[in-house]
1. Calculate the mean, over all residues of peptide B:414-423, of how many other protein chain Cβ atoms lie within 10 angstrom of the residue's Cβ.
2. Hey, got the average number of other protein chain Cβ atoms within 10 angstrom for residues in B:398-406?
3. Is any residue of the range B:245-269 close enough, with backbone N under 11 Å, to a label point placed 7 angstrom from the Cα of B:Ser223 along the Cα-Cβ axis, and if so, which?
4. Apply 1/(1 + (r/R0)^6) to the Cβ-Cβ distance of C:Trp38 and B:Ser293, taking R0 = 60 Å, and write down the FRET efficiency to the nearest 0.05.
5. Just grab the label-to-label distance for B:Gln320 and A:Glu30, each label 7 Å out from Cα along the Cβ direction, in nm (one decimal).
6. What's the extension gain from A:Leu11 to A:Val88 if we count 0.36 nm per residue and subtract their Cα-Cα distance?
7. Which lysines, if any, have their Cα less than 21 Å from the Cα of B:Lys237, not counting same-chain residues under 8 positions apart?
8. So which cysteines in chain A don't have a second cysteine's C-beta under 4.7 Å from them?
Amino acid sequence: MGMSIFLMLGLALVFGTILSVAHRFLHVDEDPRIDTVADMLPGSNCGACGEPGCRAFAEKLVSAAAQPAGCSVSATEQVDEIAAFLGVDAGERVKLVARLHCGGGRGLALNAAEYSGMSTCGAAALVNGGNKACEWGCLGLADCQVACTFDAIQMNERLLPVVHPDLCTACGDCVVACPKDLFTLEPISQPLLVQCKAPTTGEAARAVCTVACDGCGRCVADAGEGVMVMEQGLPVIVQPLLTSRSATFRCPSGAIAWVEGSQFAFEAMEV
Amino acid sequence: MVLIASAPTFSHGVHPADQKARSATEPIGRMPFVREYSVPLRQHIGAASEPIVAVGDIVQRGQLIAKRASFVSTNQHAPVTGRVKAIETRPHPSGVSVRAIVIESDPFSSQQMGASGPRSDQALADSVSDAGIVGMGGAAFPAHVKLSVPEGRTVDTLLMNGCECEPYLTCDHRIMLEHPTAVLEGTAMIQTALGAKASVIGVEQNKSDAADVLRAASKGSVSVAQVAVKYPQGAEKMLIKAVLGREVPVGKLPLDVGVVVHNVGTAFAVHEAVRLGKPLIERVVTVSGPAVSQPRNLWVPIGTPICDLLAFVGLDQLDQYIVISGGPMMGQAQKNLQAPVVKGMSGILVFPAAHQATKEYPCIRCGRCLDACPMFLNPTRLWLLTRNRDIEALNQHHVQACFECGSCSYVCPSHIPLVHAIRMGKKLVREAQV
Amino acid sequence: MSKLLLVSSPFVRDERNTPQLMRDVIGSLVPILIMSMWVFGVIALLMVAVTGATAVVTERLVTSKRSLHDGSALLTGLLLGFVLPPGLPLWMGALGSAFAVGLGKAAFGGLGANIFNPALLGRAFLQAAFPEAMTTWVAPQMGFWQLPERSLAWPLMGSHVDGISAATPLGGFKFQGLTTDLSEMVVGTTAGSLGETATWLLVLCGLWLALRKAFDWRLPVSTLFSVALLSWVLHATVPERCADPMTMLGSGGLMFAAVFMVTDPVTTPVTAKGMWLFGFGTGVLVVLIRSFGGLPEGVMYAVLLMNAVTPWINRFTQPRVFGGLA
């Protein structure tokens, strides 16, 4: 008994010595501000800033490789606080939100067939491209809602994802999750949106979806010089930030949308 | 029974009922010409073909209408004499619409082929490329690519795939029965082009009549190997294992073990192209399934809408049905019957929707899927890893080795869509690599 | 517009399904119940009915209704009933059954997620809670309508034990050095748990289930083979500790476990190699516990121990990918 106590004490002494020596000689000096800044960040590790996590972003901030406004999750006050603490410029803050390039929800876009199987968009997309007659359209099985870390996405009655602009941090998880690549991150100050991704034109487009872009090109003509161009049957916004709604006026289907705040709403649907 | 047990085969696999009897006995018929054809510019693996005709052009049956865009690509020919109506995005059996040349057939034309004499069998790869031939077994890989052996590699054996292990399908079976000489001649041409020492035709034992016919016609020049009736015997790697005992290393090609595998239907097409100068403008399609009253094989021009084909066999009201392109194990359900018959389409099957029992039970970890997987994977684990999106572990468990034969889903007593999930897992891994 | 259905391939399936597998196993318990009633009287029916009903009620209480369809809860309850001594108070059987389904299965996440064989876990719980009652054996063929004394005892009452009224073949061998006639063990007219005595019937049921492909034959075969092999060696070396192979195979809960416990897919390995390992491990443990342990019987602990290492076995017996390095 006495022997074993003695042995354990001896072992403790030996390892304790090794640890203290190691601490002295192998110590890595780290800027103490990193910890402070990391604590000031939201800690959600969402990756919207492009770094693997909040701490990595804090390191970038301290080494002046990034600007505090690069964190889209923090409130403006928090960003300013970090900027003041580090004595740097907060940087320009562009509020981005996830926007869906499809408006063809239930009752608007035609279903060519009925899908039965694993209830995710990713799975449905693998079976002949999904059940919608328009193969580019939103499948409505809520992979984006599941992927969203911030509960900013809710499916509405038309099975379209409603992105809450205040909750959306533009982390890009929904962009990755959507098998049809329908999401992009757009500045919230940019209300003009092409709400369709189908390259089909004319009757082929109209036959399968009431809100499809049929490539008529009126929006391009109305938007003014150099704002939009037609590419493969779809208008593309080349010069953002419009204050005039002119591009949307003559759109026959509403595919060219003017979106302020939430893109879709919860509505009582008339079937 | 003893004979079946002793036939060479691979390990694992499953035994679905073959359902071939009804369509195998009927001679191949001919699908009449319809009003409109849509020839997709991509019906093969590789780059899309480039159209060389314009809207309004009059084209003759067999005329070249689109050229191959790169080495791994194919030519396309007009399946019918008529007028080019449009070149536009059209539905495709894969579910992904592609650009297609739409031809309105000329109802008064005799549908004679354009003048084109025999081609050279000296530069076989060129002739085959000219004729727009792809692998007829389903994968639709441009055939000429597999006719030239890369520098520094040798092929000792040409293996012809006459297994047709998918239930219901009998198009290869009928071709072997009705055109044994053409199949053998095509095989000989391919063998010469590859410089292979031997060629073997692998035929499943449920087609012993075809094996006998081929043996009799070949007079010993080509050996016919009877293999066990088991799914997926017709998968390249499984056939090589069964006939030659060689195991293609994971992530490698048959060429790496000195073998090239072609489908017997491809041999037939090669023969037609060389001897008769006939490009690939039609193929044999098995139209079968529980909902088809008279299952049969038909010569169908490429580009024929599936709905027209089904109407021809008497199915025009398709409420609550599943229409499948390909076999019942690996085929794909169709949502748009305007999609055309393409070069790689071996069958159109129609199942009543009620046929599918979709109630899923929890995994009871019985291990049947492991015993079924011909690639010796662990499907139930891959299913779990896919759900957890664990890309690293998916790679460790060789998810990319899965060729989606569906044996795991077939045996699963809990009706878990294993292969569907693994397909998603493969996609996850692919996307992570980008 | 015609309505097409989109489903993922394959479009054909093997006709065997999970509820059907459960029904097969439940069905094969019917002849065993009849045999058990012939040996131990009506108590067999009462005990199995109590444990089965408790299991179903528990499942309904703790999980959603839908999982009842697969029949797995009922099966767990029935199996537990068959591995209990005939003289056990019925309330204990009910308690064990509730434990088996509630904590042995549902707490892990329901069918497919449990690590331990739930029926055996229930039995282990009873063994720990009521060691005396669980090792008190009733002699066979006391009369069909005669209930063992304490069967209808009220919960937590009448815990006094009257002493051993009969010895099981294994108990007799261990504590008194008695050997039991092989023919009695084969026919089933020995003391023991309700379902485990009639070896001939268990073998028949096992063969039927194997032919129906209700379980993987490698599991019982490897278990029985290793028991036979090891007891043959040990019996030759230490005959006073280890009974001969035939006694080993025919006595105690081994045959019942070989057909109904080691064949439980959920708690056994998924890999072919792993199944062989599991069976061999179980067999070796059974012989070792019976020969050198403090208890005459060791099947339950052997299976539960192997259940515990099953995830580990699975990990180390992953199949080699086709075309991969050996």
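1. 5
2. 3
3. B:245
4. Here the calculated transfer efficiency is 0.65.
5. It works out to 6.4 nm between the two label points.
6. 22.7 nm
7. B:Lys146, B:Lys197, B:Lys207, B:Lys252, B:Lys426
8. A:Cys49, A:Cys54, A:Cys71, A:Cys121, A:Cys134, A:Cys148, A:Cys168, A:Cys178, A:Cys209, A:Cys216, A:Cys219, A:Cys251
Bear in mind that the values in this text are calculations on the coordinates, not laboratory data. None of the values given here were measured: they were computed from a predicted structure. Positions of Cβ are generated from backbone atoms using ideal geometry, with glycine treated the same way; all protein chains shown enter the neighbour counts.
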